[in-house]
Amino acid sequence: MADETIFSKIIRHEIPSDIRYQDDDITVFADIAPKAKVHLLIVPNRVIPSVNELEDGDAALIGKMVLTAKRIAKEMGFAENGYRLVINCGKDGGQEVPHLHLHLLGGEKLRIVGA
Ligand code: 5GP
């Protein structure tokens, strides 16, 4: 089994965090150092270190993560204005926590990066 990170403790409610949604597959919580007015992390409950460890059988899980981000953006009222979904992978991609996570950034006009 892959090594656990602080995210597994958050998922198991062992340390305090601002959890916005949870089911058998995924947990959504607020980023501790928000880079936008709204900055949530959508995380699979099972430890998958990064995109590199995803397998064909994880397609539904990834789809659920994206659809959950969309649903939350709609519920929070900023979906129509737009938002950003980001997955960092590995050292060069800037991934700090080796437990796959989808960043949902929004609630304001975001600075364009990489243009
Ligand atoms: P990465 O760089 O791996 O794509 O993103 C990791 C994110 O996790 C960062 O935005 C960072 O602020 C957030 N983070 C790191 N440690 C914690 C923590 O203990 N609690 C929460 N809620 N977020 C964390």
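Read the figures in this text as sums done on the coordinates, not as results from a lab. All of these numbers come straight from a predicted model, not from anything done at the bench. Glycine also receives a Cβ, built like all others from the backbone with ideal geometry; neighbour counts cover every protein chain displayed.
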Condition check for residue 72: in a helix (DSSP H, G or I) and either within 13 Å of the ligand (Cβ to nearest atom) or β-branched (Val, Ile, Thr) (or both):
yes
Please determine whether any residue of segment 84-97 is of a type in the set (S, T, N, Q) and within 14 Å of the ligand (Cβ to nearest atom).
yes
Can you pull out the residues in segment 100-110 that are part of a loop (DSSP other than H, G, I, E, B) and near the ligand (Cβ under 8 Å from one of its atoms)?
101
Could you list, in sequence order, the residues of segment 14-51 that are assigned to a loop (DSSP other than H, G, I, E, B), surrounded by 14 or more Cβ atoms within 10 Å (Cβ to Cβ) and in contact (Cβ under 8 Å) with a residue 40 or more places away in the chain?
31, 36, 47, 48, 49, 50
Could you check segment 1-13 and list, in sequence order, the residues that are in a loop (DSSP other than H, G, I, E, B), of a type in the set (D, E, K, R) and either within 9 Å of the ligand (Cβ to nearest atom) or touching a residue at least 12 places away in the same chain (Cβ under 8 Å) (or both)?
3, 4
Which of (1) among the β-branched types (Val, Ile, Thr); (2) in contact with a Lys or Arg (Cβ under 7 Å, 6 or more places away or on another chain); (3) more than 21 Å from residue 6 (Cα to Cα) does residue 26 not meet, given it meets every other one?
(3)
